[in-house]
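First the structure, in the form of structure tokens, and then the observations on it.
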Amino acid sequence: MILGLRTAIYPVSDLTKAKNWYSRVLEMEPYFDQPFYVGFQVGGFELGLLPQGQSSTTGPQPLWGVADIESAFQRLLDLGAESLEPVTDVGEGIKVASVKDPLEN
């Protein structure tokens, strides 16, 4: 029986750089920090960093909730993220945006 989504895994090529960048983005330190995996608890879910991987937009893409999408989007850009999709209203007051972290090619 599936209980629901618990974790979003982000493959990264440099675990140390990714851990430092996501610590700044999330404004917290990871709760689990090992050479084989780094985990952050975010709003009841886990964001996991998996070393020796490559990020891609061809697989599942987790969407994280924020209180103010315009401010959150700009903050990510200010921290070095690249815009993949600007803030877009997709209907019924739902807005989405997409960024690529600055650590991956």
Acute angle (nearest 10 degrees) that the helix 69-78 long axis makes with the longest principal axis of the chain, alpha-carbon atoms: 50
Taking 30 Å as R0, compute the FRET efficiency from the Cβ-Cβ separation of Asp78 and Tyr31 and round it to 0.05. 0.70
Counting Lys and Arg as +1 and Asp and Glu as -1, each charge on the Cβ, what is the dipole of the chain about the Cα centre in debye, to the nearest 20? 260
Could you pull out the chymotrypsin sites (Phe, Trp or Tyr not before Pro) across the stretch 39-77 that fall in loop regions by DSSP (anything but H, G, I, E, B) with no more than 14 other Cβ atoms inside 10 Å? Trp64
Taking the Cα centre of the stretch 65-105 as origin, work out the dipole magnitude from +1 charges on Lys and Arg Cβ and -1 charges on Asp and Glu Cβ, in debye rounded to 20. 40
Spacing of the two label points (7 Å from each Cα toward its C-beta) at Ser13 and Gln41, in nm: 3.3
Suppose the chain between Lys95 and Ile2 were pulled fully straight at 0.36 nm per residue; how much longer would it get relative to their current alpha carbon spacing? 30.7 nm
Helix 15-26 versus the longest principal axis of the chain: what angle, 0 to 90°, nearest 10, using Cα atoms? 40
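Just so you know, all these numbers are worked out from the coordinates, no wet-lab data involved. Source: prediction; values computed, not measured. Cβ coordinates were reconstructed from backbone atoms using ideal geometry, including for glycine residues, and neighbour counts include every protein chain displayed.
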